[in-house]
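To start, the structure itself, in structure tokens.
The values are calculated or read from the model by the stated rules, or taken from the named source; none is laboratory data. Computed from a predicted structure; not experimentally measured. Using ideal geometry, Cβ is built from the backbone for each residue, glycine included, and neighbour counts are taken over all protein chains shown.
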Ligand code: NI
């Protein structure tokens, strides 16, 4: 079995959602919300497809538009049996530098919700490694977390792992110039890594530049196997076990 731990499957991006979900067979997809509009789509998908689970949250890029109602929506739906976390949430200082305080506020409010309901958090963090780390540490959460699309240094990887985070590894790993990420994957034990696509974005080679889909995690798994000199089967087995643990899927599968 394999699990794509992070995908966005919206009707705004795909007219063949049925097809790409069915292509996964019995393999699991965890779809991630980013705003109330998309959180509602996540709920529709998890209800419709057996092999789809979801997380709901407000993405940092949507922080400026976020209202109390949006946070309330998360709380009202967080205990749906197929909602396995709060996400994606976090900080993005690459695209948005002007509202850093607001991003932090919305991020922390959602961490508090996750803690209250003991849910995993899926974290988007770009150009904000230290700030993200500091918030997670200060909040002293004792909940499981995933740094999705991990893009930071090996040192930061080790620090996040000490906090109990797992690292989401996606298509970027297959790009020739992604030397930093290849180093992280080489040095970090497989027990801390998760497979993800971040569909529709970041297609791995050989599909770079095309629209991504969950099945493409096979190319990420193959690249991890190559870098770590392990078999493809072992990479699938261990990363699947990791995802089941980090999203508490055991009782649900
Ligand atoms: Ni994402």
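Observations
- Whether a residue is within 22 Å of residue 71 (Cα to Cα), away from the ligand (no atom under 16 Å from the Cβ) and touching a residue at least 40 places away in the same chain (Cβ under 8 Å) was assessed, and residue 113 passes this test.
- Residues that are within 16 Å of the ligand (Cβ to nearest atom) and assigned to a helix (DSSP H, G or I) within segment 116-147 comprise just one, 132.
- Residue within segment 4-15 that is under 24 Å from residue 253 (Cα atoms), at pLDDT 95 or above, over 17 Å from the mean Cα position of the chain (by Cα) and surrounded by fewer than 17 Cβ atoms within 10 Å (Cβ to Cβ) present: no
- Top-ranked residue in segment 153-176 [being away from the ligand (no atom under 16 Å from the Cβ) and within 28 Å of residue 206 (Cβ to Cβ); ranked as modelled with the lowest pLDDT]: 176
- Listing of helices (runs of 4 or more DSSP H) fully contained in segment 1-106 that carry 2 or more residues being within 16 Å of the ligand (Cβ to nearest atom): 36-48
- Some residue of segment 216-238 being without any contact (Cβ under 8 Å) to a residue 12 or more places away in the chain, closer than 19 Å to residue 7 by Cα and out of contact with any helix residue (DSSP H, G or I) (no Cβ under 6 Å at 6 or more places or on another chain): no
- Residue within segment 182-197 that is away from the ligand (no atom under 16 Å from the Cβ), outside any helix (DSSP H, G or I) and either modelled with pLDDT under 95 or surrounded by 19 or more Cβ atoms within 10 Å (Cβ to Cβ) (or both) present: yes
- A count restricted to segment 200-217 and to residues that are in contact with a strand residue (DSSP E or B) (Cβ under 9 Å, 6 or more places away or on another chain) and either in a loop (DSSP other than H, G, I, E, B) or surrounded by fewer than 23 Cβ atoms within 10 Å (Cβ to Cβ) (or both) stands at 5.
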